[in-house]
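Each reported figure results from applying straightforward, stated rules to the coordinates on display, with no laboratory input. In this text the structure is predicted, and so the values were computed from the model without any measurement. Backbone-built Cβ (ideal geometry, glycine too); neighbour counts: all protein chains shown.
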Amino acid sequence: MSTKLSPVEFIKTKSDGLRGTLKESIDLDNHTGNVRPDDETLVKFHGMYVQDDRDRRAERAAKKLDKLYSFMIRLRIPGGQITADQWLAIHETSESYGTGTLKITTRQTIQLHGLLKHQLRPTIQSFNVAKLDSIAACGDVNRNVIVSAHPQLSPLHKQIHDYADKISTLLLPKTQSYYEVFIDGEKIYERSAEADPLYEDRYLPRKFKIAIAIPPSNDVDLFTNDLGLIAIVENEELKGFNLVVGGGLGTTHGNENTFPRLGNVLGFIDSEEKILKAVYEVLTIQRDFGNRSDRKLSRLKYTIEKVTVDGFKKELEKRIGFSLEAAKPFQFTERNDRYGWEKNHQGNWFYTLFVEHGVVQPNQKAFLLEVAKLKVSNFIFSGNQNLILGEIKESEKEKIVALLEQFAIETHVSALRKSSMACVALPTCPLALAEAQRYLPVLVTKIEPLLEKYNLSNEEISIRMTGCPNGCGRPYVAELGFIGTGPEQYNFMLGGDRYGERLNKLYKEKQTESQILEEVDLLLGKYVKEKLENETFGDFAFRVVLN
């Protein structure tokens, strides 16, 4: 019996290589700030989402006005590293279009919000001049490939980091529609030149995320990705990667068939050719076996649950033509960024700037503009939504120090705040049920005195919040996780480990702020009295509170 495909599948296959009617939506439909319904799906493949200001919905509806539509554009920056000139281009573009706010994402890139439809082309064209693009930053394709951010993690960081670009390039859609619709305005190639053996005309059943971790850091939350590579370094030589598949966090409230899942380690691969082949074929398996009828059940994690881990491994080995070796040992002992100044093996300096939930504040934006003008560093986005100024020569360091002082950049931030993460949520995300990015800083401020009360101010307890169960801020792998269920209400998740290798569990449902603070107070009090020596809060909660 045939399975009914979801409407999105028909939109993709009839889209003429993701073109649809995007040119008509942008050039002809002046009566609305939105694009046509099918184009709302297609625009994602070009790195954009349609949004509207939910804070103003009621006001505009009362006036019988259309929603205040705008677009978010997200760049594709494999590994999250750009030059000073590219930062200048991003800064200038953000000043010309959108709200002016720069948002660092949990996937090592940056996005602009509040762009109007007529600003899409000039925005993308300005990025293109700076050799930046938003191709495949969203949509049912491989998204931005992320890598452990800090070069000080390993002398081999660049060698490992380069895999992000190689994988991203390998998995890019072949269609030239992005350039045709948004840059050149006319057909570039004959359609026959766009044959895409990976994505075909149906693309993947759902989005696909890849991360590369360099132990001892799991700053990329590797096990939450569809595919992960763990770098194995021995005697200062990259031996290869452990391959991890099947992670993903998104769920749906009330749908028991949806669940968060951490990836499985399948084995070890020892050469670049084999690694790229394996990565490619993992996507072809998902393309061929993934659920195309129910998008809530379409991520790779559900495919693996259906075919089993052993079944998936056998299919992968059949497609790649070689057997995976036994996984090599590894250990993660950190997940937070290395804040402040650090020097690498070459004697170059790196400064990690704390950017709360990735929202670059006005004084930080002004500071970063002046840093970029000096052209003495590169810019590296971290998976924790922070920004590293890198490759600074000893002779240039004092220039950055002076700018830090001039712009009064805050350097004394609590351990809890440094360990926090939130998704965008309201007012722009259409899926948000509650606040996250705008509210978590407030909640952290109210929890900090409780930590001080129990002499725990230096504890790097991970705390994460999302406005809905999709999990963009990765709350399911936090020691304290909060997932929006409605206005000012959150499911309280508890017991994740500190390094992202264990999911947390539901502790209390639909908690208000006062209830959350009361519970945190009780939990911290219990922790200081009953914890084992060197036991983290998450491990204690998992051992004592949840079991």
Open item on the list: Please compute the modelled spin-label separation between SER96 and GLU452, points set 7 Å along Cα→Cβ, answer in nm with one decimal.
Closed with: 4.7 nm
Task: Mean separation of Cα contacts under 8 Å (6+ apart) over length of the stretch 461-547, as relative contact order % - done: 24 percent
Task: Quarter of Cα convex hull surface for the stretch 1-89, i.e. mean projection, nm² - done: 10.1 nm²
Open item on the list: Need one word for the chain: rounded, prolate or oblate. Basis is the Cα gyration tensor (sqrt eigenvalues a ≥ b ≥ c); a/c below 1.5 gives rounded, then a/b vs b/c decides.
Closed with: rounded
Task: the chain, helix-only ellipticity at 222 nm - DSSP H runs n ≥ 4, -39,500 (n - 2.57), divided by all residues, nearest 500 - done: -9000 deg cm²/dmol
- [ ] Tally the DSSP beta bridges in the stretch 355-504 and give the antiparallel ones as a percent, rounded to 5.
- [x] 60 percent
Open item on the list: Using the basic label-point model (7 angstrom from Cα toward the beta carbon), what is the THR32 to GLU200 distance in nanometres?
Closed with: 3.1 nm
Open item on the list: What's the ranking of 282-289, 299-306 by average number of surrounding C-beta atoms within 10 Å, highest first?
Closed with: 299-306, 282-289
Task: Protection proxy ranking of 397-404, 111-118 - average other beta-carbon atoms within 10 Å, highest first - done: 111-118, 397-404
Open item on the list: Would any residue of the stretch 476-501 have its amide N under 18 Å from a label point 7 Å out along Cα→Cβ of LEU522? List them or say none.
Closed with: 480-482, 490-495
- [ ] Mind sorting LEU172, LEU243 by how few other Cβ atoms lie within 10 Å of their own Cβ, fewest first?
- [x] LEU172, LEU243
Open item on the list: What lysines does LYS64 reach when the alpha-carbon gap must be under 27 Å and sequence neighbours fewer than 8 apart in one chain are set aside?
Closed with: LYS117
Task: Summed residue charge, Cβ within 10 Å of SER70's Cβ, Lys/Arg positive, Asp/Glu negative - done: 0
TODO: Pairs to check: LYS14/LYS63; LYS103/LYS209; LYS209/LYS531. Give those whose C-alpha atoms are more than 26 Å from each other in this structure.
DONE: LYS14/LYS63; LYS209/LYS531
Task: Ordering of 10-19, 60-69 by packing [mean C-beta count within 10 Å, highest first] - done: 10-19, 60-69
Task: Partnerless Cys - the chain, beta-carbon criterion under 4.7 Å - done: CYS138, CYS429, CYS468
- [ ] Normalising by the residue count of the chain, find the relative contact order in percent from Cα pairs under 8 Å and 6+ residues apart.
- [x] 12 percent
Task: Gap separating the Cα centres of the stretch 463-524 and the stretch 1-70, nearest whole Å - done: 32 Å
Task: Span from the the stretch 243-289 Cα centroid across to the the stretch 348-404 one, whole angstrom - done: 34 Å
Task: Cα gyration tensor category, rounded, prolate or oblate, for the stretch 327-412 with a/c compared to 1.5 - done: oblate
Open item on the list: List residues of the stretch 471-488, by number, whose backbone nitrogen lies under 18 Å from a label position 7 Å along Cα→C-beta of GLU305.
Closed with: 471-472, 475-477
- [ ] Grab every C-alpha pair in the stretch 429-547, bin the distances at 10 angstrom width from 0 up to the longest one, and report whole percents.
- [x] 14, 49, 31, 5, 0
Open item on the list: Testing the spin-label approximation: label points 7 Å from Cα along Cα→Cβ at PHE259 and GLU272. State their distance in nm.
Closed with: 4.0 nm
TODO: Return the lysines within reach of LYS526: Cα separation strictly under 27 angstrom, same-chain partners fewer than 8 residues apart disregarded; answer none if there are no such residues.
DONE: LYS418, LYS446, LYS453, LYS505, LYS508, LYS510
Open item on the list: Could you give each residue of the stretch 376-389 its phi-based ³J(HN,Hα) in whole Hz, using Karplus coefficients 6.51, -1.76, 1.60 with θ = phi - 60°, and x for Gly or Pro?
Closed with: 10, 8, 9, 10, 10, 7, 9, x, 9, 6, 10, 9, 9, 8
